[in-house]
């Protein structure tokens with residue numbers, strides 16, 4: 001297991017233009033506007049347990065389910081994102097809003113520690129009767145993560161104490177001991193939160209409860225969800241009041257014990273949350289078998305199930321996976337939450353072995369599959385992220401299930417925590433983009449300052465300033481997409497070929513003023529899909545550095561962008577555009593455009609006419625910020 005642990009995001013100053021702008025937007029616009037939406041949607045009011053409860057804001061589905069059951073989780077995620085913002089910059093108004101939420105939760109909490117506002121306000125007699133569907137543990141997990149973040153940002157323990165009581169209630173109720181219920185949540189999440197709590201307080205009971213939830217999942221016979229369904233049916237005249245609409249328990253990854261699972265199945269976000277906790281637990285208890293299970297599942301995703309943008313899940317039906325190589329573009333679900341959760345998992349896998357393959361995917365998801373979910377103005381979102389559009393999809397200001405809104409904001413607010421890791425005798429740089437921190441390495445205070453205009457440029461400079469000369473490792477990630485990287489220390493070239501597992505290790509005595517120059521060439525490249533991905537046959541995706549590109553109608557006037565063809569020998573030209581989005585790099589190429597106007601029949605024997613054209617591509621994460629129009633990631637190649 002790796003000896004490295006992440007440097008806390010609050011200890012890193014992101015001064016590079018790319019992430020500084022995104023961070024400021026989230027802190028000043030996204031988080032305040034989300035609180036307004038939580039109020040408008042009635043979510044904050046629900047914490048007060050109004051009596052009598054008001055009519056449902058979101059009607060039940062035909063199977064009896066309403067997404068209002070997990071409103072608590074949206075509150076928890078907002079508190080977490082807001083607390084991360086406070087770690088950057090204290091704000092009395094935001095703190096007052098969080099304290100008001102904490103007060104409502106304290107008043108709502110039952111005497112035995114139970115805390116779920118749906119059940120407490122609407123059906124207290126049905127607590128813990130449907131773990132399969134109704135998100136009690138999931139809600140608790142997000143509230144706990146919010147409580148931990150708020151404690152770390154402000155030192156205030158009240159919210160954390162409320163949640164610790166709730167966790168104690170669950171520990172007493174669920175487990176394999178006498179009188180306990182052998183249940184676990186249908187939507188994984190609390191496992192991540194329990195590991196965070198364990199890392200905070202080092203209490204073995206929290207580690208053990210997480211281990212129980214992970215190890216108990218999928219154990220049978222009998223299957224726990226069958227047991228609780230039979231109990232509901234017995235109580236309701238042989239009818240389950242909330243019908244399960246999926247054919248099996250693959251949907252929630254409980255079809256078999258987790259250590260026996262070798263294919264990634266079901267709901268994508270649930271899967272990513274489970275694997276994140278599995279990897280974290282494997283590192284904490286040095287469990288080689290659990291680590292091996294994570295590696296098998298990782299390989300399955302990478303080899304057969306991930307979009308080129310690091311999107312996950314092609315199907316809206318189960319918000320998740322179908323079969324190998326099923327990666328449709330226009331109907332891609334690729335939920336923002338799933339890419340955010342992939343980042344969580346990748347970071348945990350990275351710290352098992354410090355293997356660059358995990359940092360490569362972390363970066364890919366960060367810049368593409370996750371960041372696309374937040375608009376440039378910080379107030380609009382995507383839930384699903386297709387790779388092709390006929391012009392009808394638009395960003396929305398809110399959603400009946402607003403999980404992605406707070407997921408992307410909490411990610412951006414804490415993004416600095418993915419940049420560096422440290423050990424007693426070393427530091428590792430995973431991401432670049434302008435980051436500075438001061439920390440203790442080899443017993444010495446060291447200031448590390450990485451300066452770059454990444455991801456637009458691969459020219460990176462890092463200053464190493466120890467308070468006194470000290471010997472330690474500096475590990476530089478050489479991205480898997482990069483060819484021809486070069487490194488110099490104080491002007492002396494190093495052999496990059498000595499890099500292992502994606503990291504070049506520089507071991508030396510460091511002195512104040514030492515400088516590292518890292519050059520990562522970023523030519524634009526074409527990517528081709530595995531032939532089994534039949535949707536992308538004869539097509540090519542464009543990529544430069546960590547950024548996947550797309551073509552939008554606004555940059556390619558003349559009609560729908562699907563009319564464009566890219567000749568195989570056409571040069572891809574990078575062009576800096578200071579007039580777009582405060583400065584980006586676009587890609588241009590000579591292309592061919594089908595003449596659509598003269599093709600009036602539905603079918604004919606003569607091929608359409610073609611004209612010369614110029615193709616312009618922008619980073620995928622920026623699409624749909626300039627009105628509606630067609631969009632394409634996989635461009636037909638001629």
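Considering the range 554-579, the residues that are closer than 24 Å to residue 394 by Cα and touching a strand residue (DSSP E or B) at 6+ places or on another chain (Cβ under 7 Å) include one that is surrounded by the fewest Cβ atoms within 10 Å (Cβ to Cβ), namely 558. Evaluation of residue 439 against the conditions (1) surrounded by fewer than 24 Cβ atoms within 10 Å (Cβ to Cβ); (2) outside any strand (DSSP E or B); (3) modelled with pLDDT of 95 or more shows that the sole unmet condition is (2). Listed by first and then second residue, the pairs with beta-carbon distance under 6 Å, at least 6 apart or on different chains, first residue in the range 166-183 and in the same structural domain as residue 194 (by TED's automatic domain parsing), second at pLDDT below 95 and surrounded by 14 or more Cβ atoms within 10 Å (Cβ to Cβ), form an empty list.
Table: residues versus (1) at pLDDT 95 or above; (2) outside any loop (DSSP other than H, G, I, E, B); (3) surrounded by fewer than 24 Cβ atoms within 10 Å (Cβ to Cβ); (4) more than 12 Å from the chain's Cα centre (by Cα).
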| position | (1), (2), (3), (4) |
| --- | --- |
| 325 | yes, no, yes, yes |
| 328 | yes, no, yes, yes |
| 342 | yes, yes, no, no |
| 346 | yes, yes, no, no |
| 351 | yes, yes, yes, yes |
| 363 | yes, yes, no, no |
| 369 | yes, yes, no, no |
| 378 | yes, no, yes, yes |
| 384 | yes, no, yes, yes |
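In the range 259-289, the residue that is nearest to the chain's Cα centre (by Cα) out of those that are surrounded by fewer than 23 Cβ atoms within 10 Å (Cβ to Cβ) and part of a helix (DSSP H, G or I) is 283.
Does residue 601 satisfy the condition of being assigned by TED's automatic domain parsing to the domain that holds residue 530 and either within 19 Å of residue 395 (Cα to Cα) or touching a residue at least 12 places away in the same chain (Cβ under 8 Å) (or both)? Against the criterion (assigned by TED's automatic domain parsing to the domain that holds residue 530 and either within 19 Å of residue 395 (Cα to Cα) or touching a residue at least 12 places away in the same chain (Cβ under 8 Å) (or both)), residue 601 does not qualify.
Residues being assigned to a strand (DSSP E or B), free of Cβ contacts under 8 Å to residues at least 40 places away in the same chain and under 29 Å from residue 142 (Cα atoms) are entirely absent from the range 413-424.
Pairs meeting the criteria (first residue in the range 27-40 and without any contact (Cβ under 8 Å) to a residue 12 or more places away in the chain, second residue assigned to a helix (DSSP H, G or I), beta carbons under 8 Å, at least 6 apart or on different chains) are 39/45. For the range 523-543, the criterion of being within 25 Å of residue 574 (Cβ to Cβ) and surrounded by fewer than 14 Cβ atoms within 10 Å (Cβ to Cβ) is satisfied by at least one residue. As a summary of the residue check, residue 454 satisfies the conditions (1) in the same structural domain as residue 316 (by TED's automatic domain parsing); (2) within 27 Å of residue 81 (Cα to Cα); (3) buried (at least 21 other Cβ atoms within 10 Å of the Cβ) except for the one numbered (1). Scanning the range 206-238 for residues that are farther than 17 Å from residue 253 by Cβ and in contact with a helix residue (DSSP H, G or I) (Cβ under 6 Å, 6 or more places away or on another chain) returns 206, 207, 209. Restricting attention to the range 501-525, the residues that are under 24 Å from residue 453 (Cβ atoms) and assigned to a strand (DSSP E or B) add up to 11.
Does residue 107 fit the bill of being loosely packed, with under 15 Cβ neighbours inside 10 Å and in a helix (DSSP H, G or I)? Walk me through it before giving the result.
Details: loosely packed, with under 15 Cβ neighbours inside 10 Å: yes; in a helix (DSSP H, G or I): yes.
For residue 107, the condition - loosely packed, with under 15 Cβ neighbours inside 10 Å and in a helix (DSSP H, G or I) - is met.
The residue that is surrounded by the fewest Cβ atoms within 10 Å (Cβ to Cβ), among those in the range 111-126 that are closer than 22 Å to residue 66 by Cβ and more than 31 Å from the chain's Cα centre (by Cα), is 125. Checking each residue of the range 33-56 against the condition of being in the same structural domain as residue 411 (by TED's automatic domain parsing) and under 19 Å from the mean Cα position of the chain (by Cα) gives at least one match.
The values are calculated or read from the model by the stated rules, or taken from the named source; none is laboratory data. All values derive from a computational prediction rather than experimental measurement. Glycine also receives a Cβ, built like all others from the backbone with ideal geometry; neighbour counts cover every protein chain displayed.
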